[in-house]
Amino acid sequence: MTKDEYYICGFHGLEKALTDNRVSEIFVSRNRQDKRVTSLIKLANKLNVTVTVTNKNDLDSRVHGVRHQGIIGKGSGAIVRKGVISFVKTKRLPFILILDNLNDPANMGSCLRTAAAAGVDCVVIPKSKGCGLNSTAIRVSAGGAMATPVFEESNWAPMLDAMKHAGIWLIGLDEHSSSSLYNTDLTSPIAIVIGSEEKGLRQLTRKKCDQVVSIPTSGLLKSLNAGVASGVALFEVNRQRTI
């Protein structure tokens, strides 16, 4: 495959990719003949996408063990974009999710799914850091990776500075902060910044944030994983903006 090709697993993500004309070929297990698979095959045929019937071992080898539900699609066209600053400048009230070095693709996928549900304008991830947008993240996102633009940035610090220069308020999440998310004004142009599962925000990223806040908890456990934290923070932005 070329660098702009990838495999899409999961019914929701595959259906979204098909309707967006981002699938070049479908591979389906000969043992899957249920309504959901049949529906995707009909959609692929309608869009003149090649459908190849194969076996489970072939599917397993293509996606390297990712759970595929008996059907996968070969994506085409870059799934990650470049030039996030130019993109956000076109938005009237930017709403951005920045994922700083996430290592767990399941958490990455969960964040992307939540971002799509919350109406986030785009998601930003670092290039060559963390897990990246791999097949597991795409599957777990349940279509979120296709629904919300994902930008990959190599010049991390300059990108954060450019965000601030564009008037976007950077709000980092850190369980140790004494400032509460719920006491923070989230109605301005904003980017929610979430760090890795083990180490949280990198020092450089934390220094660039305009404010670092925590999500108050009342139980014995004081920390949330990245997927849950993104859901709480993003929908708090939505709540404040609709009051």
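What follows is calculated from the coordinates using simple rules that are stated; it is not laboratory data. Small disclaimer: the values here were computed from a predicted structure and weren't measured. Counting neighbours? That spans all protein chains shown, and the Cβs are built from the backbone with ideal geometry, glycine included.
Numbers for the structure displayed
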{"read-out": "Estimated 222 nm signal from helices in the chain, with DSSP H stretches of n ≥ 4 weighted -39500 (n - 2.57), rounded to 500", "value": "-10500 deg cm²/dmol"}
{"read-out": "C-alpha long axis of helix 105-118 to longest principal axis of the chain, angle in °", "value": "80 degrees"}
{"read-out": "Around residue 11: net Lys/Arg minus Asp/Glu count, Cβ-Cβ under 13 Å", "value": "+4"}
{"read-out": "Prolate/oblate/rounded label for the stretch 80-242 (Cα gyration tensor, a/c 1.5)", "value": "rounded"}
{"read-out": "Average Cα contact separation per residue, the chain, under 8 Å, 6 or more apart, as relative contact order %", "value": "21 percent"}
{"read-out": "Listed residue (53, 63, 23) projecting farthest to the positive dipole end of the stretch 5-76, Cβ model", "value": "53"}
{"read-out": "Anchor residue 35: aspartates and glutamates whose Cα lies under 16 Å away (excluding residues fewer than 8 positions away in-chain)", "value": "15"}
{"read-out": "Residues 209, 111, sorted so that the one with the fewest Cβ neighbours within 10 Å comes first", "value": "209, 111"}
{"read-out": "Test item: Cα-centred dipole of the chain, Lys/Arg +1 and Asp/Glu -1 on Cβ, debye", "value": "520 debye"}
{"read-out": "Calculated FRET efficiency for the pair residue 117/residue 54, C-beta based, R₀ 30 Å, to 0.05", "value": "0.35"}
{"read-out": "Cleavage-rule hits (trypsin sites (Lys or Arg not before Pro)) in the stretch 106-167: DSSP loop, at most 16 neighbouring Cβ within 10 angstrom", "value": "127"}
{"read-out": "Net charge of neighbours whose Cβ lies under 14 Å from the Cβ of residue 189, counting Lys and Arg as +1 and Asp and Glu as -1", "value": "+2"}
{"read-out": "Members of 91/164; 82/127; 16/127 lying beyond 21 Å, as alpha-carbon distances in this model show", "value": "16/127"}
{"read-out": "Tensor-based shape of the stretch 5-76 (alpha-carbon gyration tensor, a/c under 1.5 rounded, otherwise prolate or oblate)", "value": "oblate"}
{"read-out": "Cα shape, the stretch 169-243, gyration tensor, a/c 1.5 rule", "value": "oblate"}
{"read-out": "Point-to-point label distance, residue 92-residue 157, nm (Cα→Cβ direction, 7 Å offset)", "value": "3.7 nm"}
